[in-house]
1. Being among the charged types (D, E, K, R), surrounded by fewer than 17 Cβ atoms within 10 Å (Cβ to Cβ) and closer than 16 Å to Asp113 by Cα: is that true of Arg175 here?
2. Does any residue of the stretch 18-35 turn out to be modelled with pLDDT under 85 and surrounded by 14 or more Cβ atoms within 10 Å (Cβ to Cβ)?
3. Here is a list: Ala54, Ala59. Which entry is open to solvent by 20 Å² or more (accessible area, probe 1.4 Å) and either part of a helix (DSSP H, G or I) or over 17 Å from Leu95 (Cα atoms) (or both)?
4. If only one of Ala74, Ala86 is modelled with pLDDT under 95, surrounded by fewer than 16 Cβ atoms within 10 Å (Cβ to Cβ) and over 22 Å from the mean Cα position of the chain (by Cα), which one is it?
5. So for the stretch 210-229 (the condition being modelled with pLDDT under 85, closer than 29 Å to Glu130 by Cα, touching a Lys or Arg at 6+ places or on another chain (Cβ under 8 Å) and not basic (Lys, Arg)), does at least one residue qualify?
6. Given the conditions (1) among the polar types (S, T, N, Q); (2) in a loop (DSSP other than H, G, I, E, B); (3) modelled with pLDDT of 90 or more, report the number of the one that Thr140 does not fulfil.
7. Could you say which residue among Ala112, Ala160, Ala171 is assigned to a loop (DSSP other than H, G, I, E, B), over 18 Å from Ile232 (Cα atoms) and at pLDDT 85 or above?
8. Which one of Gly192, Gly153, Gly188 is open to solvent by 20 Å² or more (accessible area, probe 1.4 Å), over 21 Å from Val129 (Cα atoms) and without any contact (Cβ under 8 Å) to a residue 60 or more places away in the chain?
Amino acid sequence: MENSPSAPPHAPAPEGRRGRVLVVDDDPTVAEVVVGYLHRAGYAVERAGDGPAALERFAAARPDLVVLDLMLPAMDGFEVCRRMRAHGPVPVIMLTARGDEEDRILGLETGADDYVTKPFSPRELVLRVESVLRRAGAGTPAAEEARPLSGAGLRLDPAARSACRDGAGLALTLREFDLLAFLLRHPGRAFGREELMREVWGWDFGDLSTVTVHIRRLRGKVEQDPARPRLIRTVWGVGYRLDLPGDGEAGEAGETAGAAGAPESPESPEAPEATRAIEASEVSEAPGTTDHTAGAPRA
């Protein structure tokens, strides 16, 4: 990989105009590429090469978003993310050479809002930073989107970013909250993973297994029995649907015949072979980009 990234086609924006980002990566070349692209996109960027340094900078001045490498010396990215999240919500994008599904799930459990696998397109990473920050609440929600949502014992307040079930608070990540809010706004309607990625994530590209993992994590927090979900249902060959009391019975005919009483798989509605192929694939580069990739796994 070249030492200096090719300049994006647009002119640099004033530094810091779009927020502050902390980049944590022990690979100086990867960090230089990421910092350069974010700086050109108009962000104020700080950099740390390990976990303790990242926590020190985080405590000194909390950033608007953290781009966090998973494989760090002394303290891995999971632990860094846990410690940051202990001080309050902050959007985190995990950056790693490991693409295993278990790592994605653990990253989401510790509060990561997105997960990008090396090698990656720096321009795509900038787009994901923009998307996560936009979803994190830059600006006041529209009146319709800010109204409280409720159903099946769930209650969400989008303006306050709070959620509870049967009066007990729910610890939802940024994406889990947005996904549940979207489903509560459209009960009884089935959505494909591509549609959910576009409507909730704001992406027209990316790894669709990201949606699968978030559905699984969300079921684990809102279902009485995640192995037999009664709220967030899989519609085989289509996607997912939120059933609320009174509107779910009619949809039962759309479920797989003979599935009643059997544990419902939290996996994607795709065929198992297709799901494994998707989960094994790396995040693709954004359409139309020709940038070199950053962060190929080190030998």
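1. No: the conditions fail for Arg175.
2. yes
3. The match here is Ala59.
4. Ala74
5. yes
6. With (1) among the polar types (S, T, N, Q); (2) in a loop (DSSP other than H, G, I, E, B); (3) modelled with pLDDT of 90 or more applied to Thr140, the lone miss is (3).
7. Criteria check complete, one pass: Ala160.
8. Gly153
The values are calculated or read from the model by the stated rules, or taken from the named source; none is laboratory data. Keep in mind that what you see is a predicted model, and the values were worked out from it rather than measured. Because the Cβ atoms are built from the backbone with ideal geometry, glycine has one as well, and the counts that use them run over all protein chains shown. Note: accessible area is taken over every heavy atom of the protein model, side chains too, but ligands, DNA and RNA are not part of it. Shrake-Rupley method; radii C 1.70, N 1.55, O 1.52, S 1.80 Å.
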